[in-house]
Structures are given as structure tokens and as C-alpha cells.
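Q: Could you have a look at this structure, given as C-alpha cells, before my questions?
The values are calculated or read from the model by the stated rules, or taken from the named source; none is laboratory data. It should be emphasised that the depicted structure is a prediction, and the values quoted were computed from it without experimental measurement. Methodologically, a virtual Cβ is constructed for each residue, glycine included, from the backbone with ideal geometry; neighbour enumeration extends over all protein chains shown.
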Amino acid sequence: MFCVECGREGELYEGLCGECFLAKNVFVTIPENIDVEICVHCGARKKKKRWILADDEEFILEIIKENVSCEKGVTDFDVHIMSNFEDERNVDVSVTTFAKVHDLKVKEEHETKVRFKKTVCYECSKREGGYWEAKVQLRSGKRDLDQKELDRALELLDLIVGMREGKDKDAFISKVEKVHGGLDFYLGSKNMGKAIAKKLASEFGGSVTESQKLVGRKDGKNTYRMTYAVRTLDFRVGDFIKLKKRLYRMLSMSSNKVLLLSLDNRENVHFKPEDLEEAKLLGGGELVREMVVVSRSDMEIQVLDPDTLKTVDVILPEGFNAEGDSVKIVKFEEGYFLVGEN
């Protein structure tokens with residue numbers, strides 16, 4: 001069998017020897033220009049119907065592979081590239097392709113240009129347009145949140161959003177509003193809204209209630225906006241309260257547990273947040289007074305009340321260390337109570 005092109009004898013491929021067969025055919029075609037949309041805000045590139053963030057070289061290689069056309073019979077296909085950026089929007093790409101046709105190894109050289117077209121991706125369009133899927137309302141029942149609490153809430157918001165950025169494109173804040181008694185957060189993601197609400201309830205104590213509102217349909221399905229209402233406890237850590245005729249100081253709180261210190265025996269007692277609904281606020285750290293110790297015994301100490309300039313007896317709880325010239329005390333109608341360290 002002889003090659004109809006060069007007359008060489010040997011195995012033929014469609015009437016041609018291997019060398020002539022490879023010379024007369026192009027097995028891979030690549031467009032002269034490949035246009036790619038790139039977001040001017042986040043730098044994401046559009047790949048088919050998805051917006052992705054990727055390394056330049058890795059992304060260009062994937063785009064080249066997507067736009068390559070191979071003739072029938074091509075197998076073991078592979079691509080190598082070398083990119084040369086003319087500027088941030090235009091990349092000249094030298095493409096080397098490797099393949100097999102029948103039992104012949106095929107290597108071809110191609111040139112193309114990847115052109116980045118600036119636009120705005122769907123997610124950034126939502127951000128810029130003030131889109132939100134969840135609202136978190138932070139409120140306290142019988143008091144306004146103080147500035148320290150508001151600052152802490154904003155700190156937690158930034159922390160959670162920062163942890164989710166890069167993993168969740170909807171992890172963004174559309175708006176923060178300071179309203180009477182608290183804050184409103186408008187967020188791009190229902191999941192993030194729920195996470196923030198739980199964190200705020202854990203930080204400040206209290207409860208979370210959820211509600212939803214139908215806002216339209218997308219892809220044949222109803223779409224909803226969620227509202228997460230965080231109602232904090234009416235007390236802060238360090239506050240003194242009266243509950244069922246006993247006096248306590250609040251040590252810590254979460255969404256499902258409150259730790260109180262009983263002032264009469266200095267025992268730590270756990271309550272559920274709802275158990276404190278009937279509690280009365282007596283005051284905070286401003287009630288703590290430092291009083292001079294006049295005398296002491298094993299069971300009690302005498303201190304000088306700076307308001308009345310009279311000495312009063314204060315019972316020492318078991319194991320309480322009252323060493324030193326002064327102690328920290330709160331006084332109520334029920335008596336004087338040590339609040340320092342054991």
C-alpha cells in the first residue's frame with residue numbers, strides 16, 4: 001500500500017501515510033478570540049452560567065479547554081498554555097495541544113486571545129442594589145441597649161460575615177440601621193441571618209423568633225424574606241436582681257441559660273431566661289461600695305458604712321476570704337452582702 005500523496009509504502013490513514021495524514025489535517029480548532037465577562041467589583045469571572053473566583057492561569061486554561069473543538073476520532077486530549085498579558089483586559093495565549101488520532105500522536109500549536117469584558121456579576125449587583133433576604137432585629141424588652149452593647153453587636157456582625165466571606169457569596173451586609181431601642185441588620189443570606197441571630201441571643205441572653213414574608217417567585221418557586229427578632233434579657237452581666245424574695249447577681253447569660261450568684265450564701269444558681277421574667281432589677285455595678293473593715297471574727301466582720309458612718313455586722317459566707325483593710329459590699333433593705341472574691 002502506497003501513500004497517494006508521497007508514494008511512501010506502509011500503513012495508511014485515509015489513503016495517506018502517517019506524516020502526510022498529520023500534515024494535511026487540523027484536528028483541533030480554537031477561536032481567534034475568546035470573550036469572558038469579569039466583575040468590576042469582586043473580580044469574579046463568568047464560566048458558562050456560573051461566576052467563579054480563580055487564579056488567572058488556572059481560569060484561562062479552563063476557558064481554553066471549554067472553547068476547543070476536536071475532530072472525530074481524537075482521543076487522549078491534553079492542553080498546555082503560555083499566557084502573556086497585554087494589559088488587565090487582554091491576554092495573548094499560546095496553546096499547545098496533545099492528542100492521539102488512530103495510533104498517531106498529534107501535537108499542534110495554536111494562538112488565541114482571551115478578552116475580559118467588564119461587567120457586574122449577579123451577586124455584586126444584589127449588593128449594590130441593597131438586596132437582602134434576612135433582617136435581624138436586636139431589641140431589649142424594658143430598656144434600651146447601651147452603646148457598649150450596640151458596639152459589641154456590630155463587632156459580632158463583622159466577625160460572622162468575615163468568617164463566611166469567600167465561602168458564601170451572599171455573606172454581605174446590605175444595611176445597618178440604628179432604631180429606637182436597638183439595631184436592625186439587613187443581610188444577603190437567610191443562613192447568615194439565622195447564624196447572627198443565634199450568636200446575638202447567646203451573647204446577650206434572650207430568645208429568637210422567626211417570621212417570613214412572601215416577596216415573589218423565582219424559577220417557579222416562592223421566595224421569602226426572613227425576619228429574626230432577637231429579644232435580649234432586661235438585665236446585664238453584673239446586675240443585681242431580686243427574684244422570689246432572694247437577691248442575686250448576674251454572672252453570665254446565653255440563649256438558654258443564666259448563671260446567677262445568690263448573695264446570701266454565695267452559691268451559683270442556673271436559671272432559664274424565661275424564669276427571670278418576674279425578676280426586679282435593683283441596679284448594676286454602681287451599687288458596689290468599698291467599705292473599711294473595722295474588726296473581724298471567724299463568722300463575721302464589722303465594716304464602716306461610708307453613708308451613715310456607722311459600723312455594721314456582715315456575716316461571712318463559708319470559705320469567703322475577707323483579708324485586707326477593705327471589702328466590696330452592696331447593701332439593700334435585706335442587709336449587707338459581700339460581693340468580692342472568695
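Q: What number of residues in region 275-295 are without any contact (Cβ under 8 Å) to a residue 40 or more places away in the chain and surrounded by fewer than 16 Cβ atoms within 10 Å (Cβ to Cβ)?
A: 9
Q: Which condition number in (1) without any contact (Cβ under 8 Å) to a residue 60 or more places away in the chain; (2) more than 30 Å from Asp170 (Cα to Cα); (3) part of a loop (DSSP other than H, G, I, E, B) is the one that Ala54 fails?
A: For Ala54, the failing item is (2).
Q: Looking at Thr209, Thr223, which one is assigned by TED's automatic domain parsing to the domain that holds Arg139, of a type in the set (S, T, N, Q) and at pLDDT 90 or above?
A: Thr209
Q: Looking only at residues in region 86-116 that are in contact with a helix residue (DSSP H, G or I) (Cβ under 8 Å, 6 or more places away or on another chain) and closer than 15 Å to Glu58 by Cα, which one is surrounded by the fewest Cβ atoms within 10 Å (Cβ to Cβ)?
A: Val93
Q: For region 10-46, enumerate the residues that are surrounded by fewer than 15 Cβ atoms within 10 Å (Cβ to Cβ), in contact with a Lys or Arg (Cβ under 7 Å, 6 or more places away or on another chain) and not in a loop (DSSP other than H, G, I, E, B).
A: Listed by number, the residues that qualify are Asn33, Asp35.
Q: Taking Lys118 as the residue in question, decide whether it is within 29 Å of Phe172 (Cβ to Cβ) and assigned to a strand (DSSP E or B).
A: yes
Q: Would region 285-304 turn up any residue that is of a type in the set (Ser, Thr, Tyr) and over 30 Å from Phe204 (Cα atoms)?
A: Yes, region 285-304 contains a residue that is of a type in the set (Ser, Thr, Tyr) and over 30 Å from Phe204 (Cα atoms).
Q: Does any residue of region 291-314 turn out to be at pLDDT 90 or above and closer than 27 Å to Thr232 by Cβ?
A: Within region 291-314, none of the residues are at pLDDT 90 or above and closer than 27 Å to Thr232 by Cβ.
Q: Write out, first by first residue and then by second, each pair whose Cβ atoms fall under 6 Å of each other, whose residues are 6+ apart or on separate chains, and whose first residue, in region 184-202, is under 13 Å from Glu165 (Cα atoms) while the second is assigned to a helix (DSSP H, G or I) and among the small types (Gly, Ala, Ser).
A: Leu187/Gly193
Q: Among the residues of region 193-226, how many are of a type outside the set (Ser, Thr, Tyr), closer than 18 Å to Tyr131 by Cα and touching a strand residue (DSSP E or B) at 6+ places or on another chain (Cβ under 7 Å)?
A: 12
Q: Would region 135-153 turn up any residue that is β-branched (Val, Ile, Thr), under 29 Å from Phe235 (Cα atoms) and at pLDDT 90 or above?
A: Within region 135-153, one or more residues are β-branched (Val, Ile, Thr), under 29 Å from Phe235 (Cα atoms) and at pLDDT 90 or above.
Q: Here is a follow-up. Between Ile160, Ile64, Ile60, which is part of a helix (DSSP H, G or I), of a type in the set (Val, Ile, Thr) and in contact with a helix residue (DSSP H, G or I) (Cβ under 6 Å, 6 or more places away or on another chain)?
A: Unique residue meeting the criteria: Ile160.
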